[in-house]
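Working notes, beginning with the structure itself.
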Amino acid sequence: MRVSKRNLLTTTALLAATIASADLGVVMAQSNAIDEVLVTARKREETLLEVPSSGTVLTREALDMMLKDNGIEDFVRLIPGALNVTAGPAFNNDIGIRGQGAGRTDFTESATGLYRNGIHVAGGQFGGRTYTRMDFFDLERFEAFRGPQGALFGRNAVGGAVNIISRKPGDEFGGFFTTNYEIERSQIRLQGALDLPIVEGKLKARAAGFWIDSDGGLIFDSASGRDVDTTEEFGARLTIEATPTDNSRFSIMFENHESEDPSFDALVFRQGFDSQKYIRDGVNAPSMVKIFSKNLFVDGTIDTDIGTIQMAGVYKWRDGKRFDDLDHFLGIGSGFLANSTADVMGEFDKGGFEIRLESNDRTPEHIQWLIGADYQTSEQTDFRINVLGPAIIPRTTTDDFTTETTSYSGFGLLGFDLTDQLNLTGEIRVTHNKFEGDFFRGGNMAPFLPAPVMLSAPNQEITETKANPVVTLTYRPADNRTLYARIATAFRPSGFTPQVANPADPITFEAEDVISYELGYKANMFDGKFGFDADVFYTTQSDVQVVLTSLSVSGGNIVVIQNQGDGFSYGAELQIYTNFEVGPGNLNSTLGLSHIDGEFDGGAFDGNRLPRTRDYTLNLSALYTVPIPNTDHSFFVHANLASEAGGYENPANTQELKHFDLIDGRFGIRNERWTASFFVQNATNEIFIKEDLSGALFLNRPRTWGGEVTLRF
C-alpha cells in the first residue's frame, strides 16, 4: 500500500483500565465491578477491590472485544501510567510503567516483571522484554499491577508487574473459531480452540491455534516494487489438566510458535532519503526477522490442613534470525558503503520453577501468610555480522556474545488483622543473581575505514544479593471500600553492556534500586454500577540505568547502559468504571488519566526530566449493547480513545515524545453462538513518530479496517 511543566498540580490525574465487562449476551446483565474481578496480585486469588495495590484487569469477555492487532501496544495503552517503549520490530517492544525502564538494550532486563500463569518468562533477545501473539492468544485474564512488586513477584518488577493467564480446558466439549480479514494489508487471521473432556471430573484437554498471513503491507519499497512489512505467523497450544483428588489439580501446557515479520530497516523512515513516510527508496536487501520458539508450562495446587501448596514451572527455547539493509538504516545511499547489510542470530533457553505454601480457609482467618522459593537459569548466545560495502571490497565486523544467568530467591508474606477493618501486612524477598559472559568483537575494515572497536572480554562475572521488603496498611471501612498505604521496594539487576565505543570502557553496570510510597483508595458503589481506583505515589531511584545511543558505520549501533546518579518521580492515577442501563440497552464504560513527572538527581543529566514520564495519558472506552426485538441477538458498538502528551525519549531531553490521539472502533451483532463485526484502528489516520533513533524514525501504523466472524459451539 502507498500512503502519499511540568506541574505538581497535574498529579491529581486519572486513567483508564479497559472494559472489564461481563458476558455479552442479549443484554449486559453483569457489571464490571472491581469487587467481582479476581486477580493474583499477592499470589492468591482475591478481588481487585481487596488488593491493596493499584491494578488493571481485563477479563475474558473484555479481551474478546478488544482490537489486538498491534500486540502489546493495544494492551499497554489501557494501563494507567504505562508506555510502550519501542525501537522498531514487535520483538523489540518493552513495557515501561511509571517512567521506569529508560535504560534498555539487548542485554538489559525489563523494568516490568513479565509473567505468564504466575511465573517469570522474560529474558533474552528476540522478544525477551515483551509478549508475543502466542502469549496473548486465548487468554483467560490480563493483570497489570503498578508500582514496585519486588517482594512477591520479584523479577525486575521495578515499575510494576504484568501477569497473563492462559485459558484452561473446560469441563464440556466446546470451543470457538474466528476468522478475521484486514483489508489494507490483505491479511487473514484464523484462530480457534477446542475443549476435550477425557475422563469426567478427572482429565481434560484444550487444543488451540492461530495462523496469520498477509499478502500485502502498509510500507512499499520503490526499488523492488513490493511491500516490505508482510507478516506470516503460526501458533499452536495443547493444555492438559488433571484433577486426581478433590484437593489437588495439575496442568501441563505445550506451545509452538513461528513468525516472520519486518525487521528494523523495513520499518525505518529516513527523511531526505525516503520520498514518503510509508515508501522506502533503495532497500536493496531483505529486512525481516524470523523467530521460532517452544514453551512448556506446568502448574499445580494441593490443599492440605496446614495450607495450600502452589507450584509453577517453565521451560522456554527461542531461536531468532534477522536480516537488515544497513546502508538504508544508516541513511547511506551511495558510495563504497552502499549495499551494506547486518545479520544477527541468537538462541535463548530458560528454565524456572517456583513453589510456595500459603494460608487457606483451614488456617486462622485473622492471619495471612505465605512462604516460597524459586530458581531460574538461562543462556543466551548472539552472533552478529555487518558486511559493509561488499560491492567494492568486503569489510566486516563481527560480534560473538554469550551470557548465562542463574538466580534463586526466597520470599514470604505475613499479614495480621489488627481489627475487623484494619490489616498490616509485610512482605520480603531475598534474591541472589549470578551473571556470566564471554564477549568478542572483531573485524576487517581496511583499507577505507578505521579499524572497528575490538573487544575481547572472556570469563566476565557479576554476583549480587538483594533484599526487597514491602509494608502495607489496609483499612476497609465497608465491604465496598478499601484504603491503603504502601511502601514497596524493588531492583533492576546489574548486567553487561558489551557494545562499547572504546575497548577500555567498562562493560558492566550496577543494579538500580527503587523505593515507592503510595496511597490508594478503591470503591464500588450503586450495586456495582460505579467504581473507581485512585492512587498517588512518590518514587526514589538510586543508580538510575540510562541508555546512550549513537550510530556507527563500523559497528552499527553503539548502545551502552550507564548508571547516572539518582532520581525521583511522582504522579497520580485514577480508573473509573461505570455500567448503566441507557435507553433500551446497556452502556459499559471506563475513563481515566495519569500524570507522571520526575527528574535526575546527580550524574551527567542532573535536573533533567526522567525519560518516558508523560504529562498525561488518557484512555476512554465505551461499549453500548442493545437487544434486537423478537430475536436472541444484540447489536453492539465499542469505541476507544487513547491519548498521550508530554515528556522526553532520552535522558538528555533533546527528543520529545510525540503527542497522539488514537481512536479505534468496532460494531456488530452477536448472540450466544456467533458474533459478526466490523472494526477500524486509528480511525482518523493520525501519524506520529514512536521512536527517533539518531534520525532513524519509527512511525505508528496508519488506519486499518476489516471484519471478523466468530462461531462458538
Dipole of the chain [Lys/Arg +1, Asp/Glu -1 at C-beta], most positive-end residue of T40, G598, T377: G598
For segment 154-160, in order, what is each residue's ³J(HN,Hα) by Karplus, 6.51 cos²θ - 1.76 cosθ + 1.60 with θ = phi - 60°, in whole Hz (x at glycine and Pro)? x, 4, 6, 7, 6, x, x
Can you work out the FRET efficiency for the pair I279 and T508, with r the C-beta to C-beta distance and R0 = 45 Å, to the nearest 0.05? 0.60
How much length would be gained if the chain were fully extended between L422 and E365, taking 0.36 nm per residue of separation minus their Cα-Cα distance, in nm to one decimal? 19.2 nm
Work out the charge dipole of segment 223-289 with +1 on the Cβ of Lys and Arg and -1 on the Cβ of Asp and Glu about the Cα centre, then indicate which of M288, T245, F234 is farthest towards its positive end. M288
For the pair I188/V298, report the inter-label distance in nm, with labels modelled 7 Å from Cα in the Cβ direction. 4.0 nm
With a Förster radius of 30 Å, plug the Cβ-Cβ distance of I628 and E45 into 1/(1 + (r/R0)^6) and report the FRET value to the nearest 0.05. 0.25
Are any of the pairs K43/K522; K168/K434; K350/K690; K321/K690 more than 27 Å apart by Cα-Cα distance, and if so, which? K168/K434; K350/K690
List the aspartates and glutamates whose alpha-carbon lies under 17 Å from that of K316, not counting same-chain residues fewer than 8 positions away? E109, D135, E255, E258, D299, E347, D349, E354, D374, E379, D382, E404
Can you give the accessible area of M345, probe radius 1.4 Å, in Å² rounded to 10? 70 Å²
So, how do all the Cα-to-Cα distances of the chain break down into 10 Å bins, in percent, from 0 on up? 3, 14, 25, 28, 19, 8, 2, 0, 0
Charged-residue dipole, Cβ positions (Lys, Arg, Asp, Glu), the chain about Cα centre, Debye nearest 20: 540 debye
Accessible surface, 1.4 Å probe, highest first, among residues D692, D327: D692, D327
Using the Karplus curve 6.51 cos²θ - 1.76 cosθ + 1.60 with θ = phi - 60°, work out ³J(HN,Hα) for each residue of segment 616-632 in order, rounded to whole Hz, and write x for Gly and Pro. 7, 10, 9, 9, 10, 10, 8, 10, 10, 10, 10, x, 8, x, 6, 9, 9
With n ≥ 4 as the cut-off for DSSP H runs, can you work out [θ] at 222 nm for the chain, using -39500 (n - 2.57) per run divided by the number of residues, rounded to the nearest 500? -500 deg cm²/dmol
Name the long-range amide H neighbours of G175: under 5 Å, sequence gap of 5 or more, or other chain; modelled H, no Pro or chain starts. D195, F713
Amide H contacts under 5 Å for A41, restricted to residues at least 5 apart in sequence or on another chain and with H modeled in the peptide plane, are E46
If you take the beta carbon distance between T396 and T465 as r and set R0 to 51 Å, what does 1/(1 + (r/R0)^6) give as a FRET efficiency, to the nearest 0.05? 0.80
Given charges at Cβ of Lys, Arg, Asp, Glu: segment 141-222 dipole, positive-most of G217, G170, P148: P148
Please state the shape class of segment 101-243: rounded when a/c is under 1.5, otherwise prolate if a/b exceeds b/c and oblate if not, all from the C-alpha gyration tensor. oblate
For the chain, the percent of accessible surface on carbon and sulfur atoms (probe 1.4 angstrom, ligands and nucleic acids excluded) is 58 percent
For segment 34-189: rounded, prolate or oblate by the Cα gyration tensor [a/c cutoff 1.5]: oblate
Would you kindly state how much longer the chain becomes between F530 and S224 on full extension, computed as 0.36 nm times their sequence separation minus their alpha carbon distance, in nm to one decimal? 104.6 nm
How would you classify segment 95-158 from its alpha-carbon gyration tensor, with a ≥ b ≥ c the square roots of the eigenvalues: rounded for a/c under 1.5, else prolate if a/b is greater than b/c, otherwise oblate? oblate
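The values are calculated or read from the model by the stated rules, or taken from the named source; none is laboratory data. Here the structure is a predicted model, which means the values were calculated and not measured. Here the Cβ is made from the backbone with ideal geometry for all residues, glycine too, and neighbour counts use every protein chain on show. Ligands, DNA and RNA are excluded from the accessible area calculation, which covers all protein heavy atoms including side chains. Shrake-Rupley method; radii C 1.70, N 1.55, O 1.52, S 1.80 Å.
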